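Read-outs: derived from the displayed coordinates by stated rules, not from any lab. If you're wondering where the values come from, they're calculated on a predicted model, not measured in any experiment. Positions of Cβ are backbone-derived with ideal geometry, glycine not excepted, and every protein chain shown enters the neighbour counts.
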């Protein structure tokens, strides 16, 4: 019963988080947003998850997974309700911020499972991660039809009501853990606030760049603030007793290389993931290109890539055991880049779009992400696995957010003065940028651990008595 409730909750939350993208052109029209402003919706959700996940995971460890999980579920319900009834960009951004907290639902669920089924943890983890991924696919597939058949409001409201009902069931069925006295969470609030401020100024600057220009006072001022906040964050993290991100771990070869590659991969694959819904929604009679696709059609275009990514993840684990992480990461980057290059040259037929998304989202991103996690786990001791993988996840989330905002800035800056719509050249520049971003880290792939069976070297400060987890 516990696993069934948790699995259903994770599926519903995964679906709710993935729903905005297929309906993004519809949301833009209803709220009167340009692409750069619409991109803030996606980046707010991604950044919230990246910044808050480590802190929430610590809270779950210290105060119990059930309490944390239920608190997150109700935050997501609030976010879904605000997103459903939002009539302006600030209200929608607040809703997406609250929904972004749902990214930490997976580690909170792991804490609950570890408390209840420690001897069957590996099976339970596989079930939950698979359910979250499946929920994302369901959300992409269902978002368009819900928005077209009912409305944008019900696209958010229906899964929100399901999450609320499951939260009530979870409250009644999940056993409560007794919190051990003397155990407390040491949270790095200054580090979290400074990281959030750094990323927020970057995103605001990119969203306003098409309107303000490169050398306006606002652009320069936000750039200076970004540098100030970023420098302060580094100084705080280096001195914190329990930092949000252990920057010293970034000095390890496998960690820094995997984090850089993860960030570039995140930026590269999210560019076409954001641009294709925009291109599909372009009215060909006015813009001269595009498909004039409805939200339902956009969902159908996106779903094959998501479905392939779900299948590729487990298969990549087997391939890593045979060929090693380094080879699979390089292959995944090349596949992702080939999808971006294809979209640059060919994007006028339905099969062009589907094949490009299969290469970028399905095969390339799916394979490279799994291999990167394997590589970073291989490069650290068993006790540091959680911290190292969190750093890699944060890097990918930040990269993904930057990729979306940069792509939006490119097509917003290239708006046609005649049609007031993005030009085809702007989309081509965005797709080409996507390919370039994922090709650049090929230069450092050789620093990614090459074998999934390689034993991690001990750090100078940690005494290791066991080999790293293969």
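What FRET efficiency do you get for residue 436 and residue 346 if R0 is 25 Å and r is their Cβ-Cβ distance, rounded to the nearest 0.05?
Details: r = 18 Å, r/R0 = 0.71.
So the FRET efficiency works out to roughly 0.90.
Between residue 215 and residue 247, 0.36 nm times their residue separation minus their Cα-Cα distance comes to what? Spell out each step's value before the answer.
On the way: separation 32, 0.36 × 32 = 11.52 nm, distance 3.26 nm.
Length gained, residue 215 through residue 247: 8.3 nm.
What FRET efficiency would be calculated for the residue pair residue 234, residue 78, taking the C-beta separation as r and a Förster radius of 35 Å, to the nearest 0.05?
Values: r = 33 Å, r/R0 = 0.94.
My answer for the efficiency is 0.60.
Return the distance in nm (one decimal) between the two label points of a simple spin-label model at residue 285 and residue 425, each offset 7 Å from Cα along Cα→Cβ.
With each label placed 7 Å out from Cα toward Cβ, I get 2.7 nm.
Run the quick spin-label model on residue 446 and residue 323: label points 7 Å from Cα toward the beta carbon, then report their separation in nm to one decimal.
Placing both labels 7 Å beyond Cα along the Cβ direction yields 1.9 nm.
How far apart, in nm, are two points set 7 Å out from the Cα along the Cα-to-Cβ line at residue 2 and at residue 173?
That separation, rounded to one decimal, is 1.3 nm.
Taking 0.36 nm per residue of sequence separation and subtracting the Cα-Cα distance, how much length would be gained by fully extending the chain between residue 223 and residue 88, in nm to one decimal? Each step should come with its number before you reach the end.
Numbers: separation 135, 0.36 × 135 = 48.60 nm, distance 2.65 nm.
Between residue 223 and residue 88, full extension yields an extra 46.0 nm.
If neighbour count is taken as other Cβ atoms inside 10 Å, put 17, 424 in order from fewest to most. Show your work: numbers first, answer last.
On the way: 17 26, 424 19.
Least to most surrounded, the residues fall as 424, 17.
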